[in-house]
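K.L.:
Just passing along the structure, written as structure tokens.
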Amino acid sequence: MPELPEVETIRRQIEPEVVGRRIVGSRILDARWTRPLDPEPIAAALVGREIVSVGRRGKYLLVGLDDGSTLLMHLRMTGNLLLGERGETSRRFGMDRLYPAPTEPAYLKAELDLDDGRVLQFTDPRRFGHASLLDSGELDPYLDSRIGVEPLGDELTAELIGRVAEGRTVPLKSFLLDQKGIAGIGNIYADEALHRAELHPLSPAGSMRPEHWEALREGIVDALEEGLRNGGASIDDYRDSRGEEGSMQDEFLVHTRAGEECPRCGERINRIVVGGRSTYFCPGCQVRLRRRRRPRRRARR
């Protein structure tokens, strides 16, 4: 699933190419892309609009339009957003993938024709990706109800992590995957962040002390920034807007490296399942914290 680094890579690529361009044609080929809303009025509303911004919050891509509305898109598990000349994206995507070639008609979910002759295509073999067209004033309430703090901004502090984690008994891995706490982190970068922080993925979130809050903050930021430097991770089917692979998979410290030596201490990396997700960690240097128990009151005689 594309996570923050993958989505931000796409955003950075398409922003300078599409801002100032006008949408001259719009086709939504799969009604699931906009469900439960009817796709036809949404497609019609996009035609004639100028793209004024391309933003991101968490894993959401936000295409701002000149009437104040926003086309919000989420790639989910296998979505891709491709920009190029019509027909060119299919040729660039002629590579081995986990799922069938996404630019075949069965996997093309929507496309926007731009006034310079190029086309922006949303493809998705597994059909979990979605889009919404939000009017002015609807964007912030929509996102605020679904996602929490941006991890690469000034809002993410050690103290905030402590407040969000206070009293939580869920494992740290599940805590990081909860988008309502810290936005944009998925399975890959949760493993990488916890290894950097030297924290065990099964430790209860509320067991952290202030020094762990800071270590986790640094681990999150370092892992995400490394992902950005490498253009994201292509371990399954992620490709950027040019149809190219990222290289973060070559820089993983623990994710998918079960049985290999930990780069920090030399212990063998383990794989377990946490919350239904494959989880990779080093048992040698990732400390397992214990839930702090309140002292028992003495019984009255």
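The values are calculated or read from the model by the stated rules, or taken from the named source; none is laboratory data. In this text, all values refer to a predicted model and were calculated from it rather than measured experimentally. When we count neighbours, we look across all protein chains shown, and the Cβ atoms used for this are built from the backbone with ideal geometry, even at glycine.
K.L.:
Could you check, for region 214-237, whether at least one of its residues is buried (at least 17 other Cβ atoms within 10 Å of the Cβ), over 26 Å from G148 (Cα atoms) and not hydrophobic (A, V, I, L, M, F, W, C)?
P.N.:
Among the residues of region 214-237, at least one is buried (at least 17 other Cβ atoms within 10 Å of the Cβ), over 26 Å from G148 (Cα atoms) and not hydrophobic (A, V, I, L, M, F, W, C), which makes the answer yes.
K.L.:
Taking R11 as the residue in question, decide whether it is within 15 Å of F128 (Cβ to Cβ) and either among the polar types (S, T, N, Q) or outside any strand (DSSP E or B) (or both).
P.N.:
Working: within 15 Å of F128 (Cβ to Cβ): no; either among the polar types (S, T, N, Q) or outside any strand (DSSP E or B) (or both): yes.
No; evaluated as a whole, the condition is false for this residue.
K.L.:
Now for a separate question. Based on this model, can you work out whether R49 counts as basic (K, R), in contact with an Asp or Glu (Cβ under 7 Å, 6 or more places away or on another chain) and under 14 Å from L120 (Cβ atoms)?
P.N.:
Spelling it out, R49 is indeed basic (K, R), in contact with an Asp or Glu (Cβ under 7 Å, 6 or more places away or on another chain) and under 14 Å from L120 (Cβ atoms).
K.L.:
Here's a follow-up. Could you list all residues from region 39-65 that are in contact with a Ser or Thr (Cβ under 7 Å, 6 or more places away or on another chain) and either without any contact (Cβ under 8 Å) to a residue 12 or more places away in the chain or within 30 Å of Q179 (Cα to Cα) (or both)? Even if it seems obvious, please write down each step before you answer.
P.N.:
Going residue by residue through region 39-65, those that are in contact with a Ser or Thr (Cβ under 7 Å, 6 or more places away or on another chain) are 42-43, 46-47, 62-64.
Residues satisfying the conditions are I42, A43, L46, L62, V63, G64.
K.L.:
Among the candidates D240, D222, D236, single out the residue that is among the acidic types (D, E) and free of Cβ contacts under 8 Å to residues at least 40 places away in the same chain.
P.N.:
Among D240, D222, D236, only D222 is among the acidic types (D, E) and free of Cβ contacts under 8 Å to residues at least 40 places away in the same chain.
K.L.:
Which of the residues that make up region 47-71 are within 19 Å of K109 (Cα to Cα), aliphatic (A, V, I, L, M) and either surrounded by 21 or more Cβ atoms within 10 Å (Cβ to Cβ) or assigned by TED's automatic domain parsing to the domain that holds D237 (or both)?
P.N.:
L61, V63, L71
K.L.:
Which residue pairs have Cβ atoms closer than 8 Å, lie 6 or more positions apart in sequence or on different chains, and pair a first residue in region 197-219 that is closer than 14 Å to L176 by Cβ and in contact (Cβ under 8 Å) with a residue 60 or more places away in the chain with a second residue that is crowded, with 21+ Cβ neighbours inside 10 Å and of a type in the set (S, T, N, Q)?
P.N.:
If the second residue must be crowded, with 21+ Cβ neighbours inside 10 Å and of a type in the set (S, T, N, Q), the pairs left are L199/Q286; H200/Q286; P201/T279; P201/Q286.
K.L.:
Turning to a different aspect of this structure: Hey, does region 257-275 have a residue that's part of a strand (DSSP E or B) and in contact (Cβ under 8 Å) with a residue 24 or more places away in the chain?
P.N.:
Scanning region 257-275, I find at least one residue that is part of a strand (DSSP E or B) and in contact (Cβ under 8 Å) with a residue 24 or more places away in the chain, so the answer is yes.
K.L.:
I've got another one for you. Just name the residue that is nearest to R291 (Cα to Cα) out of those in region 182-221 that are charged (D, E, K, R) and not in a helix (DSSP H, G or I).
P.N.:
Applying the filter and picking the extreme gives R209.
K.L.:
Check D113, D140 and return the single one that is outside any loop (DSSP other than H, G, I, E, B), touching a Ser or Thr at 6+ places or on another chain (Cβ under 9 Å) and modelled with pLDDT of 95 or more.
P.N.:
Only one candidate passes the filter, namely D113.
K.L.:
Just to be sure before I move on: is L139 over 24 Å from S278 (Cβ atoms), touching an Asp or Glu at 6+ places or on another chain (Cβ under 9 Å) and touching a residue at least 60 places away in the same chain (Cβ under 8 Å) in the structure I sent?
P.N.:
No.
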